[in-house]
1. Under the Karplus relation 6.51 cos²θ - 1.76 cosθ + 1.60, θ = phi - 60°, what is the ordered set of whole-Hz ³J(HN,Hα) values for the stretch 78-95, x standing for Gly and Pro?
2. Take residue 179 and residue 103, extend 7 Å from each Cα along the Cα→Cβ direction, and tell me the distance between the two endpoints in nm.
3. Quick one: P(r) of the stretch 123-241 from all Cα-Cα pairs, 5 Å bins, percents rounded to integers, in order of increasing distance.
4. Using a basic spin-label model with each label point 7 Å from the Cα along Cα→Cβ, how many nm lie between residue 168 and residue 37?
5. Grab the beta carbon distance between residue 238 and residue 134, set R0 = 30 Å, and tell me the FRET efficiency rounded to 0.05.
6. How about the stretch 137-241: which trypsin sites (Lys or Arg not before Pro) there lie in a loop by DSSP and see at most 16 other Cβ atoms within 10 Å?
7. To the nearest 0.05, what FRET efficiency results for residue 57 and residue 206 with a Förster distance of 22 Å applied to their C-beta separation?
8. Run through the stretch 73-104 and list the trypsin sites (Lys or Arg not before Pro) located in a DSSP loop whose Cβ has at most 14 other Cβ atoms within 10 Å.
Amino acid sequence: MADRSVLISGGAGGLGGAVSAAFVAAGWRVVVPVRPAGGTEPATGPGPATAPEQAGNGVLRVAADLTDPEQVDRAVRVAAGDAGTPLRAVVNLAGGYASGGLVHETPVDDFDRMLLRNLRPTHLVTRSALPHLLAAGGGSVVCVASRAALAPFPGAAGYVTSKAAVLAFASAVAVEYRQAGVRCNTVLPSVIDTPANRAAQPNADHSRWVAPAEIAAVIRFLASDESAPTSGAAIPVYGRA
């Protein structure tokens, strides 16, 4: 029987499936916000509340636009709503990638869109979950940035900046909540071996990429009591890339 809950944003994606499965296998109650039906772009206002749905893989899904504070709060309340399995961990996977031209060639809207997709969900989910983690006596927040936050490459300034901002935000959370028993760490993947990335780079050496299950194992460790002494870390998960 599960005795604790984890909220995994982006848990339905290529990496998210592996992370959700790792937590289910470890006996956690897993809650995953999913994009509301029919949604293709971030919403601009609160949508209607929908009932959580138990998926066949042991994951409890709740519809939420993670760029909207009210919908994020609703999803977090579901994750924290079972007194027998208090919310003890948050995993921030939600985000996206877009490339473009050099900085002077990139429209400001494209630049802002990367901040909206990568930084805003991480901030909103963490902000909403922190009071519940504190009430439970502590817990763990794990954020996903990118190796590009430390080693930028040309043509993706918006993505690079947004992932560096995620890393900085996680460091701030670690400092602010350390004494209250809430830890925050960041993992920095290189190229993740997902079907979407293979389709985008068919001629790459995929054997050098990092597998989702390998990243999932690191994230689960960072959420567990086994990593209790660790907070404020930026952990590379590069594979051989």
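1. Ordered by residue, 3J(HN,Hα) equals 5, 5, 9, x, 9, 4, x, 10, x, 5, 10, 8, 10, 10, 9, 9, 4, x Hz.
2. 3.8 nm
3. 2, 11, 19, 21, 19, 13, 9, 5, 2, 0
4. 4.1 nm
5. 0.35
6. Listed in order of number, the matching sites are 240.
7. Calculated value: 0.30.
8. Here no loop site has a sparse enough neighbourhood.
A short reminder: the numbers here are calculations on the coordinates, not readings from a lab. Just so we're clear, the structure is a prediction, and the values are computed from it rather than from any experiment. As a convention, Cβ positions derive from the backbone with ideal geometry for all residues, glycine included, and neighbour counts pool all protein chains shown.
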